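Undergrad: Pasting a structure below so you can have a look.
The values are calculated or read from the model by the stated rules, or taken from the named source; none is laboratory data. In this text the structure is predicted, and so the values were computed from the model without any measurement. All Cβ positions, even for glycine, are placed from backbone atoms using ideal geometry, and neighbour counts span all protein chains on display. The protein model used for the area step is the full one, side chains on, heavy atoms only, and it has no ligands, DNA or RNA in it. Shrake-Rupley method; radii C 1.70, N 1.55, O 1.52, S 1.80 Å.
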Amino acid sequence: MRKTIVALALTACVALSANAQDKPITTAPPMGWMSWFPFIDKIDEKKIMEVADAMVKSGLRDAGYKLLQLDDGWMAAKRDKEARQYADTSRFPHGMKYLADYLHARGLKIGIYSSNGMQTCAGYPGSYNHEELDANTYAAWGIDYLKYDACGEKEKHTDRELHTRMSKALKATGRPIMFEICIFSSGQTHLWGAEIADMWRTGGDIVKFIDKNPEVTYKNWYENLNQVVGKENYAGNGHWNDPDNLIVDYPRNNKQTYDEQKAQFSLWSIVSAPLTLGNDVRNMSAQTKAILMNKEIIAVDQDKAGKPGTRVLADEQKEIWIKPLNDGTKAVVIFNKENTNAMLTLNLKAIGIAGKTMVRDLWEHAGKGTFTNTYTAKVAPHGVIMIKLTELK
Ligand code: GLA
């Protein structure tokens with residue numbers, strides 16, 4: 001199993017929306033939690049129900065995190081006599097419909113995982129040549145989202161062809177099931193993703209070889225952030241670039257500072273990424289909660305205009321990212337690339353602000369005053385300043 005996970009982690013990942021070609025299912029990037037980082041493929045009913053309860057109790061659900069995604073490992077090792085996938089009975093004794101009902105009763109949604117080949121990335125039965133059957137099974141259980149990977153044997157078919165098959169099968173069920181494309185080997189999924197899916201992975205796994213407990217640093221998310229650059233305009237209007245999960249409070253060997261974790265959360269919000277938690281929400285520190293439930297930053301991610309932000313400046317020392325918001329204001333992230341504190345300056349004219357602007361700091365939750373020409377602030381190593389600019393006419 002370990003070998004399989006390692007080998008497959010290098011290959012693929014895509015999420016699709018059954019209705020993507022028509023009216024999008026999502027109007028804002030989905031927010032939720034995924035089992036892969038906290039539990040790898042060792043998931044069971046008890047853990048998922050505990051996570052659901054923790055989502056409610058901690059306030060995460062009410063902050064917007066509603067989609068609980070069961071990643072690889074939920075299925076039995078073989079299909080049943082009627083060739084259906086089913087949840088492993090020793091780990092999910094009541095079956096998947098029971099779990100879906102449990103989540104729905106708590107105002108949550110349920111996501112599931114499969115692959116377009118004969119096996120999933122961790123070696124469980126994939127959906128190849130069973131697309132219609134599997135889509136109908138998921139719809140009957142009340143599934144709300146499918147992350148569809150690209151692992152496993154698939155004869156001569158292309159990933160695009162097979163993902164399109166599953167997208168159509170989901171749509172034919174009549175149930176709105178969000179679809180995520182997990183194909184990243186080509187780096188080109190964004191070119192066609194919106195035709196069949198709600199969202200697509202823009203790069204590889206943000207933490208690779210997870211079963212080997214690698215050290216996780218800000219470089220993990222920085223690499224995935226860079227894979228979004230140039231793809232911004234393919235997202236929006238119900239279709240989203242997914243640079244993979246948040247690694248705030250990553251559960252093993254997490255070497256990120258508090259500031260680095262705040263930076264990932266800020267940057268994921270500025271690029272309109274799905275906010276998918278990758279931590280064990282049953283145990284969260286006050287600091288972790290303060291990051292994940294920062295309402296002002298979540299509002300930037302979920303902004304009605306649905307227009308992903310872009311990187312407008314990158315030099316040796318810093319990066320500037322800007323996202324235009326629905327109310328005419330701008331969200332800005334100033335990222336310090338250095339290992340030391342730095343005084344960083346945002347040149348307001350260079351980003352099209354000729355007159356006065358009000359600045360609000362979205363981590364301090366405070367107005368900073370009115371500025372012309374420049375705004376300068378002290379930024380922690382690999383940290384950010386995240387502000388909102390309101391131009392004064
Ligand atoms: C691939 C995906 C991961 C995860 C694993 C499961 O590596 O990219 O996100 O779903 O498969 O095996």
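Undergrad: Non-local amide H neighbours of L313 (under 5 Å, H modeled in plane, Pro and chain starts lacking H): which ones?
TA: I320
Undergrad: How large is ³J(HN,Hα), in whole Hz, for each residue of the stretch 267-282 in order, when computed from phi with the Karplus curve 6.51 cos²θ - 1.76 cosθ + 1.60 and θ = phi - 60°, using x for Gly and Pro?
TA: For the stretch 267-282, the Karplus-derived couplings read 6, 5, 6, 5, 8, 6, 7, x, 9, 10, 6, x, 10, 8, 5, 6 Hz, x marking Gly and Pro.
Undergrad: Compute the length gained on full extension between D88 and E223: take 0.36 nm times their separation in residues and subtract their Cα-Cα distance, giving the result in nm to one decimal.
TA: 45.1 nm
Undergrad: Once you charge only the Cβ atoms, +1 for Lys and Arg and -1 for Asp and Glu, what is the size of the charge dipole of the chain about its Cα centre, to the nearest 20 debye?
TA: Around 560 debye, computed over the chain.
Undergrad: Can you give the accessible area per residue of the stretch 82-123, in Å², using a 1.4 Å probe?
TA: 41 Å²
Undergrad: While we're looking at this one, here's another question. If you roll a 1.4 angstrom probe over the protein chains with everything in place, what fraction of the accessible area of the chain belongs to carbon and sulfur, to the nearest %?
TA: That fraction is 50 percent.
Undergrad: Then there is this: Are any of the pairs K81/K109; K46/K262; K23/K171 more than 21 Å apart by Cα-Cα distance, and if so, which?
TA: K81/K109; K46/K262
Undergrad: At 1.4 Å probe size, with every protein chain present, just tell me what the per residue accessible area of the stretch 310-391 comes to in Å².
TA: I get 46 Å² per residue for this part.
Undergrad: Sort the stretch 347-393 into rounded, prolate or oblate with this rule: let a ≥ b ≥ c be the square roots of the eigenvalues of the Cα gyration tensor; rounded if a/c is under 1.5, and if a/c is not under 1.5, prolate when a/b is larger than b/c, oblate otherwise.
TA: oblate
Undergrad: Ok, one more. Using a 1.4 Å probe on the protein heavy atoms only, what accessible surface does S185 show? Give it in Å² to the nearest 10.
TA: 90 Å²
Undergrad: Something else: K289: which aspartates and glutamates have alpha carbons under 16 Å from its alpha carbon, excluding same-chain residues fewer than 8 sequence positions away?
TA: Once the sequence-local aspartates and glutamates are set aside, what remains near K289 is D53, D62, D249, D259, E260, D280, E364.
Undergrad: Would you tell me the accessible area of F371, worked out with a 1.4 angstrom probe on the heavy atoms of the protein chains, in Å² to the nearest 10?
TA: 50 Å²
Undergrad: Given H placed on each backbone N at 1.01 Å, which residues far from D88 in sequence or on other chains put an amide H within less than 5 Å of it?
TA: HN-HN under 5 Å from D88: M75, A76.
Undergrad: Another question about this same structure. Just need the relative contact order of the chain here, percent rounded to a whole number, with Cα pairs under 8 Å and 6+ apart.
TA: 17 percent
Undergrad: Still on this structure, I have one more. Dipole of the chain (Lys/Arg Cβ +1, Asp/Glu Cβ -1, origin at the Cα centre): which of Q119, W363, S186 lies farthest to the positive side?
TA: W363
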